[in-house]
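Everything on this sheet refers to the single structure shown next.
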C-alpha cells in the first residue's frame, strides 16, 4: 500500500511538472473612445534567441473608432513523454489579429494636452526558421488596418514531416502618414565561412510616405511542405 502511494506521488509530481512547463496566454480586447492611448504587448515563447516572439506597440491621440485585438500564444512543454494526438507535434505558436481604425487630433484634459500622431509598430520573430516580420506606421493622421499573423516553431525532438516552422502574415491597410513593412529570411545556423554570421536568403523592405492603400500576404516557411497551416484567405467577419 505504501509503495503504491509513493508511485502515485511520483506520477502526480511528474504531471504537475509537465503542466507547469506549458504556458498559455490569451487576450481579446475591444476599445473605442476619444483621447490618448498607449499600448504595449510583449510575447515570448522561449527564453533567449529561441522560439517565437511578438512585440506590438501603439500610441497616439484622437479618435479610436475601432480597436480590436485577439492574441493567443503557447509554449509547449519540453517533456516529450506526453502522448500527442495523431498527426500533431509539440510546438510554440503565436496567433495575432489586430483590427484598427484611428484618426489623429489633439486632446486636452486637466492633466495636460496630448498632441501625438498615431504610431503602430509590430515585430514578429521566429528564431526556429530565421524569419522576422515588421509592420510599422508612424506620423499617421489616419490609420485603418487589419493584420493577421500566425507563427509556429516545431520541436526538434520529434519527427515533424510538415516543416520546422512557419511565419505567415496577411496585411491590409489604408494610411495617411508613414508606413514601413519588411521581412527577412536567414539561416538559423551560423555559418563559419561568414565568421559566425547567418546567411541571408531573402529580404523585402518597403517604405511609404503619403496616402496609401496596402495589401500584402507573406509566407516564410521552414520548407515547401508547410501549406497545410497557411492563413485562411476567407476568414470569418
Residue check: is residue 83 modelled with pLDDT under 90 and loosely packed, with under 15 Cβ neighbours inside 10 Å? yes
Across the stretch 34-77, what is the number of residues that are outside any strand (DSSP E or B) and within 19 Å of the chain's Cα centre (by Cα)? 8
Residue under evaluation residue 60, criteria (1) over 23 Å from residue 188 (Cβ atoms); (2) modelled with pLDDT under 95, criterion not met: (2)
Some residue of the stretch 37-44 being in contact with a strand residue (DSSP E or B) (Cβ under 7 Å, 6 or more places away or on another chain), surrounded by 13 or more Cβ atoms within 10 Å (Cβ to Cβ) and touching a residue at least 40 places away in the same chain (Cβ under 8 Å): yes
Has the stretch 118-139 got at least one residue that is at positive phi, out of contact with any helix residue (DSSP H, G or I) (no Cβ under 9 Å at 6 or more places or on another chain) and modelled with pLDDT of 95 or more? yes
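The values are calculated or read from the model by the stated rules, or taken from the named source; none is laboratory data. Here the structure is a predicted model, which is why all the values come from computation and not from measurement. FYI the Cβ positions are ideal-geometry reconstructions off the backbone, even for glycines, and counts take in every protein chain you see.
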